[in-house]
1. Sort ARG246, ARG117, ARG354, ARG73 so the one with the fewest other Cβ atoms within 10 Å of its own Cβ comes first.
2. What nm distance separates the two modelled labels at GLU224 and THR183, each placed 7 Å from Cα along Cα→Cβ?
3. For the pair THR114/ILE85, report the inter-label distance in nm, with labels modelled 7 Å from Cα in the Cβ direction.
4. Give me THR336, THR291 sorted ascending by neighbouring Cβ count inside 10 Å, so fewest comes first.
5. Checking the table LYS251/LYS338; LYS290/LYS340; LYS61/LYS194 against a 27 Å threshold on Cα-Cα, which pairs fail?
6. Quick check on the exposure proxy: order MET416, MET192 from fewest to most C-beta atoms within 10 angstrom.
7. What is the packing order of peptides 228-241, 293-306, taking the mean over residues of other C-beta atoms within 10 Å and listing the highest first?
8. With every atom except the alpha carbons ignored, what do you get for Rg and Dmax of the stretch 281-365, in angstroms?
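Just so you know, all these numbers are worked out from the coordinates, no wet-lab data involved. This one's a predicted model, so the numbers in the text were calculated from it and none came from an experiment. Reconstructed Cβ throughout: ideal geometry from the backbone, glycine too, with neighbour counts over all protein chains shown.
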Amino acid sequence: MSKETEFKVPTIDPKVLQKSRKSDLPRTASKVNIPLPSKEETSNAKPFEEDVPVIPPVPYKEPAWSDKCDQDREYSFEVEKNGVIIEEIQHLQSKPFWLFGRLPNCDINITHPTSSRYHAVLQYRPPTILNSAAPEPDGSEQMSEKNNSKGSKQTNVGGGWYLYDLDSTHGTFLNKQQVIPNTYVRVRVGYMIKLGSSSRTFILQGPSDDEDEPIALTITEMKEQAKKHQELRQEMAKIEQQEKERIEKLKMSDGITWGMAEDADEETDLTENPYASSNNEELFLDDPKKTLRGYYEREGHELEYKVEELSSGTYCCKVELPIDDANGRAIVAEVTHKGKKKEVVLQCALEACRILDRQGLLRQANHVPRRKHRKQSDSDDDDDFLDRTGAVEKRRQRKQASQHPQIRTYTDLNNMNL
């Protein structure tokens, strides 16, 4: 081989080269040549507009009485957060109203998520004189009233700042009290405004004549006064509850007639049904055994409880009462109770007292003791069945006459002597 040899250029098969080349366009793209835009079309093209969110209109209409505050009266806001003043908003008197909200077009921007886009408005009202029929914001203070030459009433309304909640989602708070939506509420110097659950508190600063009148009471006196008011409210609530319970009892028992009573019904004869309801249970509920024992002693009978054990822990107690039913049979008070033996005796005594009370015999004022019902002549000597002389009858008449003495006059005595 010779030293000088020719260099062979490497070659590539055109089929392989064609397969390796891939088009940047997708298969579905058209291969038609698209003409380039002309200079005129380029110059007349509209600029590209980005999607800018549309800011909604403010849902507040400035009232007719709205006006700026006097420039010599300096008002400002101290923004407090976690006990520290972090910001101060000056020159509130420069605008008739200030808008609180989360949107950037609000005067005082609140970034807390619980604040609404348009949350509240701080509106100023100058001192004005209004007729009695003229509208005025809620919460405004009427300083004085006087009659004009025509005799119509006029009201002098003091000027000042008013807070107006724009029906926010989480509410607006003035001195920790929630403000009624869509209502003007008077704001004085030193009042604190809080929006939603935000930790920022706006404290109004201004002239001293716009502050609340100082309270002459000390803190201790205020606490005592609040305690008295609380006790009074609790007492009033208790009285109202008692009155409601009394009315409910009337409704459950006889009902309320509201002054239009119906005709009186005849009382039910409780003696016909010994198991009817009793109305005097308070007389023997405390100690029914003692009450029943006293009744038996007054009537001269012996009280006896007959207790039988039906099963383990279950007893039956019976007491025969000294009264008869319509058929002439003795009435028996019977109670079956599961528990202790003394409990069933107590229940039986209670049932016996109820039966006697329905008969009208339980209370001493309703009956005459049987000991007094004794025959005046119970001896065999006073029996006039076999008497043929009439001496027994004469003796009975003399005994009755001695028990019932007659009153004699002077004339009767003279006639007896004659």
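1. Arranged by neighbour count, lowest to highest, ARG246, ARG117, ARG354, ARG73 become ARG246, ARG73, ARG117, ARG354.
2. Calculated label separation equals 3.4 nm.
3. Using points 7 Å along Cα→Cβ, the separation is 2.5 nm.
4. Ordered by Cβ neighbours within 10 Å, fewest first: THR336, THR291.
5. Violating the 27 Å limit, Cα to Cα: LYS251/LYS338.
6. MET416, MET192
7. So the peptides 228-241, 293-306, ranked by packing, come out 293-306, 228-241.
8. Spelled out, the Cα radius of gyration and Dmax of the stretch 281-365 are 12.9, 42 Å.
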